[in-house]
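Taking it in order: structure first as C-alpha cells, then the write-up.
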Amino acid sequence: KVSSISVDGEWAMYQRDPEHNPVVPVDVKGFKGEVKWTFQTSAPIFSSPAYVKGVLYLAGGDRRVVALDGETGKLLWETPTTGPVDSSPAIAGDMLYVGLRDGRLLALDTKTGQVRWEYLTNNPIYSSPVVKDGVVYVGSGDGKLYALDAQKGTLRFAFETGGWILSSPAIKDDIVAVA
C-alpha cells in the first residue's frame, strides 16, 4: 500500500518517514555547500520541502504549492490554495498531501498539481501529514487526529484529543502518536 517512506537521497515528508527518522545515510564527500539555485516567494515559508525522484515540492504562506526541478529550480507546476500553508507536504505514490491554515487537507497529483480530493476539518492544519499503508494521518486545530483513505479522501476515523494538534503524527507498527 502507498506510504510516504523515503528512499536513499529522498525526503518524502517532514522528518523523512512515518517513524520520524530524519537520518539520511548518504556519502557527503565532495559536498561544497554552494547555492545551486534559488526560488523566491512573496510570503514566508514555514514548512520543510519534500524531495522525491528529482522533484522538490514546496508549500508556502503565499497560498500555493509548487513543484520544482531539483537540478535547475525550474517551475514544473503551481497550484493555488484557499489558504496559507504551514504544513510540510508528504509524497506517497503519485500523490502530494498538505494541510492548509483554512482547515483543508489537500491531495494533489504529483505530476500536474491537480487537486484529486480535499477534506475540510474544523480548524487550521499546522501539522504535516503522514501516509502509511494507504492511510493519511493529520492533526487539526479542532483537537482531532484524522485518518483518511489516501486514494479517495474518505474518513476512516477522527480521534478527539482534547487539544490542538500542532505536531506531525509519528507511526511505528500499529501505534500513531501525536503531541
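Laboratory data are not the source of any read-out in this text; all were calculated from the coordinates shown. Being a predicted model, the structure only gives us computed values, none of them experimental. All Cβ positions, glycine included, derive from the backbone under ideal geometry; neighbour counts span all protein chains shown.
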* How high is the relative contact order of the chain, given as a whole-number percent (alpha carbon pairs under 8 Å, six or more residues apart)? -> 17 percent
* Asked: Taking region 56-179, how many lysine pairs are there with alpha carbons less than 23 Å apart, if each pair must be eight or more places apart or span two chains?
  -> 8
* Asked: Once phi is turned into θ = phi - 60°, what whole-Hz ³J(HN,Hα) does the Karplus curve with 6.51, -1.76 and 1.60 give for every residue of region 108-123, x standing for Gly and Pro?
  -> 10, 6, 5, 8, 10, x, 5, 6, 8, 7, 9, 10, 9, 8, 9, 7
* Applying the Karplus parametrisation 6.51 cos²θ - 1.76 cosθ + 1.60 with θ = phi - 60° to the phi angles of region 66-78, what ³J(HN,Hα) value in whole Hz is obtained for each residue in order, glycine and proline being reported as x? -> 10, 10, 10, 5, x, 7, 10, x, 5, 5, 8, 7, 9
* **Label-point separation, Lys172 to Ala158 (7 Å along Cα→Cβ), nm** => 3.0 nm
* Cα convex hull of the chain: mean projected area in nm², to one decimal? -> 10.0 nm²
* **Selection from Tyr146, Val55, Ala90, by position along the positive dipole direction of the chain (Cβ)** => Val55
* **Low-density loop positions, trypsin sites (Lys or Arg not before Pro), region 23-113 - DSSP coil, at most 10 other Cβ in 10 Å** => Lys29, Lys32, Lys36
* Asked: Is region 93-132 best put as rounded, prolate or oblate by its Cα gyration tensor, with a ≥ b ≥ c the root eigenvalues, rounded for a/c under 1.5, and otherwise prolate when a/b is larger than b/c, oblate when not?
  -> prolate
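Determine, for each peptide in 131-139, 37-45, the mean count of other beta carbons within 10 angstrom over its residues, then list the peptides with the highest first.
131-139, 37-45
Over all directions, what mean area does the Cα convex hull of region 66-140 project, stated in square nanometres?
4.9 nm²
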